[in-house]
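Worksheet: one structure, shown below.
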Amino acid sequence: MDSKCILPRIISVGTANPGRKYSQQEIMDKMRINDERIINVFKNSHIKTRFLTLKEENGVFIDESQEELLKKHLNFSLEAGAQAIKEALFKANLQVYDIEYICVVTSTGFLSPGLSAHIINKLKLPMNCQRTDIVGMGCCAGLNGLNTTSNWVQVNPGKYGILLCVEICSAAYVFDNTIDTAVVNSLFGDAAAAVILRAGGNEEKPVILGFSSFLIENTLKALEYVWDPKFNKFSFRLQRTIPYSIGLDIEQPVNVLLNRFQVKKRNITHWVVHGGGKKVIDAIKYNLGLSAYDMNCTTNVLAEYGNLSSASFIFSYKQLLEKNIIKKKDYIILITMGPGAQIETALLKGDSSG
């Protein structure tokens, strides 16, 4: 078989947001934030709105126990995850019984059995559907899941696999009026995103050529999900230097990817980058020499939804698809980054023909 015929193709994408849409000002009001330092963190995030699933009493967000947060993660993951998968299936003119593999990515709640088993039962996917759960890799994990799903469909030509990234980030919120938690609380939103893949066939859909990873040295504690004994729950922590570390090393995996496929950076038509925050986006723009137009989908998603962790790049990719501007010979680079600190990249082409 011609090698081009078995390249993984992105067949369709679906997204969903649980909870309610809030403006940044509404969130500050409901968190009763009056510290000018924290107010500035929120206002300088370049985020306008986000979807969150937070409990309210008398117009104020209230704290939830770790048990409540885990239940919230499961319930809203199932709700949003099912919606995203259904949209992706509808767009691909497929039914649940057509799916023979599912990879579920999440870092905002731990489950055993994994979330994939719950999704299979909720949607009545085939009981012989193979499944993988990727837990704890954070914002970069969507591309790890895409890599895993791509490998599965490539060794099972003609069969459909689905990647589901579902992050209920408000199940990892802590309210303690400190700058550290304010950075997290000002950034993240709740979302699910599904991608259906297939290798082979004649669909004129973007193909995945390959992946490249890079683990930044001495940054293990730069992004962490840790137990906070003060509140008896898990809490996410971001070091303020992480945007600069990512910026300095972003070229490493990108260049490896381009060299492997003998593609020049000037030949990349579309860039889809995880919207980790304004400083991360600015650092990547500067170090890769990208324009505001190159990052348009990324900045739009950040502004409307916030940082959606592993689901962010799929929302940005979906926005690119909706512009209907991808041509057959166009090269597309996907970039995510997260705990480790890890940078993940993928190279796509508009279509394998031409």
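Would you be able to say whether some residue in segment 141-154 is outside any helix (DSSP H, G or I), crowded, with 22+ Cβ neighbours inside 10 Å and in contact (Cβ under 8 Å) with a residue 60 or more places away in the chain? Please lay out each step first, then the result.
Step one: filter segment 141-154 for residues outside any helix (DSSP H, G or I), giving none.
No, every residue in segment 141-154 fails to be outside any helix (DSSP H, G or I), crowded, with 22+ Cβ neighbours inside 10 Å and in contact (Cβ under 8 Å) with a residue 60 or more places away in the chain.
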Exercise for review: Find all pairs meeting these conditions: Cβ atoms under 8 angstrom apart; at least six residues apart or on different chains; first residue within segment 306-332 and aliphatic (A, V, I, L, M); second residue assigned to a helix (DSSP H, G or I).
Suggested key: L308/C169; L308/V301; L308/F315; A311/G142; I314/G142; L320/C297; I326/L320; I332/L320
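Quick one: which of I134, I179 is over 13 Å from I102 (Cβ atoms) and among the β-branched types (V, I, T)? Step through it out loud before you land on a result.
Numbers: I134 fails: over 13 Å from I102 (Cβ atoms).
Criteria check complete, one pass: I179.
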Study note, to complete from the structure: Restricted to segment 1-58 and to residues being small (G, A, S) and touching a strand residue (DSSP E or B) at 6+ places or on another chain (Cβ under 8 Å), the residue farthest from F188 (Cα to Cα) is S12
Check your understanding: Within segment 91-106, which residues are buried (at least 24 other Cβ atoms within 10 Å of the Cβ) and not aliphatic (A, V, I, L, M)?
Key -> C103, T106
Study note, to complete from the structure: By residue number, the members of segment 225-264 that are surrounded by 13 or more Cβ atoms within 10 Å (Cβ to Cβ), farther than 25 Å from T108 by Cα and of a type in the set (K, R) are R260
Check your understanding: Within the bounds of segment 268-285, is there any residue that is buried (at least 19 other Cβ atoms within 10 Å of the Cβ) and among the charged types (D, E, K, R)?
Key -> yes
**Study point:** Count of residues meeting criterion [in contact with a helix residue (DSSP H, G or I) (Cβ under 8 Å, 6 or more places away or on another chain) and under 25 Å from K230 (Cα atoms)] in segment 60-89
**Key:** 8
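Scan segment 170-182 for residues that are surrounded by 17 or more Cβ atoms within 10 Å (Cβ to Cβ) and either out of contact with any strand residue (DSSP E or B) (no Cβ under 6 Å at 6 or more places or on another chain) or modelled with pLDDT of 95 or more (or both) and report the count.
Pass one, segment 170-182, residues surrounded by 17 or more Cβ atoms within 10 Å (Cβ to Cβ): 170-175, 181-182.
Applying the additional criterion that residues be either out of contact with any strand residue (DSSP E or B) (no Cβ under 6 Å at 6 or more places or on another chain) or modelled with pLDDT of 95 or more (or both) yields 171, 173, 175, 181-182.
Result for segment 170-182: 5.
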Point to revise | Flag for I39 being assigned by TED's automatic domain parsing to the domain that holds D176, outside any helix (DSSP H, G or I), touching a helix residue (DSSP H, G or I) at 6+ places or on another chain (Cβ under 9 Å) and surrounded by 12 or more Cβ atoms within 10 Å (Cβ to Cβ) | key: no
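The values are calculated or read from the model by the stated rules, or taken from the named source; none is laboratory data. Note that this is a predicted model, so its numbers are computed, not measured. Quick reminder, even Gly has a Cβ in these numbers, built from the backbone with ideal geometry, and neighbours come from all protein chains shown.
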